Every structure is written in structure tokens, then in C-alpha cells.
Amino acid sequence: MDPKGKIALVTGANGGIGHAIAKALHDRGATVRVSGRRADALVAVTEATNARVTVADLAIREDVTRLTDENMDVDILVLNAALPASGPIMDFSTDELDRALDVNLRAPMYMARRIGEAMVARGRGRIIAISSISGRVAVGGTSVYSATKFGMRGFFLGMHEDVKEHGVGVTTIYPGFIRDAGMFADTGVTLPKTMGTKSPEDVARATLRAVTDAPAEIDVAAFDQRAGAFIAAIAPSLAGPVSKKFGGG
């Protein structure tokens, strides 16, 4: 699919990664729509892309339904909104668990299911889910976040197979540590010297590749994080000790 002339919705565009994705799509000729929880946080991306804005809190199911209903005609759906949801599991209240599950997992599943049906009926479309390298490997302090991101991987890999014969491409993107913008950058934490980073623009380029080529998965992570995910896939019990050894946590 060529983004030029297509309609694209980017959720969670209030952050730097969503902004970079929206701008990349705009620069390639797409008509961009964006959503986020706060209108003031969407001003910059609106000015850069002339995007149509929908204010929606994806923890509120009525907002998710409204956002979906207003965008059933999009050609490209980029599901980028998420909560950090990090910390020891015993520190989470039931309300915090529910909010993380609603925003990080239920909302993207619901939107992909309904908008995906409209794409299948038209015989074209792209759905891009921005997951995380935490959707491949879980270590201490990431149980809730990883649960939502592992869930995204399973859902969107299955959906990729369900709809590819109908002209709809589904891609899951796995960013690692992203510098300059996003959840990790917002913490202000200094990484160990062994850890590499990628930029918001790297995620945006992966999104454009997902639009044009529709692979099932794309990693946007430095070598050390991709290596950690590989180790976790073949020996999950090693992921935590290896992470601690190299400064994780």
C-alpha cells in the first residue's frame, strides 16, 4: 500500500513516538487523524500534520467506541496508545490493573476487530500495532506491561493470518528503549552503557515499512535487546538473571 492519498489514524499521538509516526505518514501524502487524552498535548502534531483530532481516553469504553465509530473509513490504523504500567506486581491496585488492560490490550483489540472488518469488506487496509520488546521478554517490574504486550503479540499475529487473504495487512512493531521521546525517555533514567537505543523516527520508518510491505512483525530495538528477546524465547528462565547482570531493573 502506498500511503499517498490514504486516510490514517494514529492513536496516542500526544507523545513523541505518535507524533513521529503521524508526521512520517503526512510527509508521504496521507491524510492524518490523531487521538489522545488531552487536546493541549495534540497541538504540536496537529500543527505539523494538519491532522483531525479526536480527544479520547482509551480507559473509558464509551470513548473507545466513539473513536472507532468516527474512523471506520480509515485505510491505515496505527494503534500506538499505551500506559507504562511498570513496577512490582504487588504495588498495583485492581483499578490500575484494569486501566492497563483496557488501554494497552482491550482498546487495540476492539478497534482492530471493528475497523478491520470494514477494511476486509473494502478489500484493502493496514493495521499496525505498536507493541514493545516487552512483548517478547518479561523481567522483574514488567509483569503487567509485559502481559498486555504479550497479549498484543498473540492477537495481532493471529489476526495477520486471518485477514491477509482479504487484502488487509497486520503488522506488530516491537520498539526497545527509545531515546528523546516516549515512555522510557520520560522516566529520565540513565541506561547502563551496554544498552543501545533507537529513535522515534526509527519507529516511524518501521511504520511506513508496515504500510508498504505488511510483514507480520518488525523489531525496532538495539542489538542487546533483540539478543535478550532471543534468549528469552529459547530459555525464559534466563531472561531475569541476564537482565540483572547487565544492569536491568
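The values are calculated or read from the model by the stated rules, or taken from the named source; none is laboratory data. Just so you know, these numbers come straight off a predicted model, no measurement behind them. Note: ideal-geometry Cβ built from the backbone for every residue, glycine included; neighbour counts use all protein chains shown. Protein only, heavy atoms only, side chains kept; ligands, DNA and RNA dropped before computing areas. Shrake-Rupley method; radii C 1.70, N 1.55, O 1.52, S 1.80 Å.
Laid out as a table, the results:
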quantity	calculated
First in region 141-162 and over 22 Å from Thr94 (Cβ atoms), second anywhere and at pLDDT 95 or above and part of a helix (DSSP H, G or I), Cβ under 6 Å, 6 or more apart	Phe155/Met109
Residue check, Ala85 more than 25 Å from His160 (Cβ to Cβ) and hydrophobic (A, V, I, L, M, F, W, C)	no
Residue match in region 110-120 (condition: more than 21 Å from Ala56 (Cβ to Cβ), open to solvent by 20 Å² or more (accessible area, probe 1.4 Å) and either of a type in the set (Asp, Glu) or touching a residue at least 12 places away in the same chain (Cβ under 8 Å) (or both))	yes
Selected residue [open to solvent by less than 30 Å² (accessible area, probe 1.4 Å) and closer than 24 Å to Arg205 by Cβ] from Ala129, Ala107, Ala100	Ala129
Residues located in region 33-73, provided they are crowded, with 22+ Cβ neighbours inside 10 Å, in contact with a His (Cβ under 8 Å, 6 or more places away or on another chain) and not aliphatic (A, V, I, L, M)	Thr49
Some residue of region 24-44 being under 22 Å from Lys149 (Cβ atoms), of a type in the set (Gly, Ala, Ser) and not in a loop (DSSP other than H, G, I, E, B)	yes
Pairs where the first residue, in region 62-78, is free of Cβ contacts under 8 Å to residues at least 40 places away in the same chain and the second is open to solvent by less than 30 Å² (accessible area, probe 1.4 Å) and of a type in the set (Gly, Ala, Ser), C-beta under 6 Å, 6+ apart	Asp63/Ala56
